[in-house]
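Before any comments, here is the structure.
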């Protein structure tokens, strides 16, 4: 390699690291009376509105993207459901289906609709459009079990357009608030089957499904790869807990709701 080419390479790497960064905003935990206006890049323009409301009997929390912004999620039985990501989950252009202003997402509605019901320290994957550039980020949110209140704790985005960010990441090296949870389950609630997706490859993992009484109802061993399909078979509707382990190392602990379908 010539000296000139080597110098240019060092210049490129230095400048890439100089201008690429995670823009992290830590706020005092906020539990609004009705809605929170999220300005992800702090430019005084509202990017998302997180709002709860509804009738006296049923209440829910909705994510309303503004302009052309979007959240990551899925659609089930006509409901748009943002994913509740675990810390260190990758947020990228190819991470998921993205839903924009035309399809507000239900984080939780009542006690059984949505991935966020009763969840703590989960991450909402966000896509931000500024001019011709697209950025990816996250917001950390808690949701009570009745979907009647939420708390927003902090948020961040990757300042380099079209670059990935990890859920909870606050700098270019490490995600913050990383916990043992490193998997995503979708759909959840499940009706006939669901898929658990690990963010890291599995080599000899074991998945154990427990009912709400702590009894083992299903177990899958010698798991390889990233995806594990879980069939309902004869399981009753209700709340279950998934433990994903590799030897003595617990990889993920997640809740799974089995439903007979939305009414």
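Looking at segment 63-79 only, could you name the residues that are part of a strand (DSSP E or B) and more than 21 Å from residue 131 (Cβ to Cβ)? Walk me through it before giving the result.
Taking segment 63-79 as the starting set, the residues that turn out to be part of a strand (DSSP E or B) are 63-65, 70-76, 79.
Within segment 63-79, 63, 64, 72, 73, 74, 75, 76, 79 meet the criteria.
Name the residue that is modelled with the lowest pLDDT, counting only residues in segment 1-21 that are under 23 Å from residue 169 (Cβ atoms) and surrounded by 11 or more Cβ atoms within 10 Å (Cβ to Cβ).
20
Condition (residue is more than 22 Å from residue 259 (Cβ to Cβ), surrounded by 16 or more Cβ atoms within 10 Å (Cβ to Cβ) and at pLDDT 85 or above) applied to segment 54-64: is it met by at least one residue?
The first filter runs over segment 54-64 and keeps only residues more than 22 Å from residue 259 (Cβ to Cβ), leaving 56, 64.
With surrounded by 16 or more Cβ atoms within 10 Å (Cβ to Cβ) added as a condition, the list becomes 64.
Then drop every residue that is not at pLDDT 85 or above, which leaves 64.
Yes, segment 54-64 contains at least one residue that is more than 22 Å from residue 259 (Cβ to Cβ), surrounded by 16 or more Cβ atoms within 10 Å (Cβ to Cβ) and at pLDDT 85 or above.
Mind listing just one residue for me: the one in segment 22-44 that is surrounded by 14 or more Cβ atoms within 10 Å (Cβ to Cβ) and in a loop (DSSP other than H, G, I, E, B) and, of those, modelled with the lowest pLDDT?
Once the filter is applied, the top-ranked residue is 32.
Look at segment 87-128 and say how many of its residues are in a strand (DSSP E or B) and within 17 Å of residue 156 (Cβ to Cβ).
If we filter segment 87-128 for residues that are in a strand (DSSP E or B), which is where we start, we get 90-91, 97-99, 105-109, 113, 122-128.
Filter once more, so that each one left must be within 17 Å of residue 156 (Cβ to Cβ): 90-91, 122-128.
Residues that pass the stated criteria total 9.
Do you know which residues across segment 216-245 are surrounded by fewer than 10 Cβ atoms within 10 Å (Cβ to Cβ) and in contact with a strand residue (DSSP E or B) (Cβ under 7 Å, 6 or more places away or on another chain)? Walk me through it before giving the result.
Looking only at segment 216-245, we keep the residues that are surrounded by fewer than 10 Cβ atoms within 10 Å (Cβ to Cβ), and these are 221-222, 229, 233-234.
Across segment 216-245, the qualifying residues are 221, 222, 229.
The values are calculated or read from the model by the stated rules, or taken from the named source; none is laboratory data. All figures in this text were calculated on a predicted structure; none of them were measured in a lab. Heads up, the Cβs are rebuilt from the backbone with ideal geometry, glycines too, and the neighbour counts pull from every protein chain shown.
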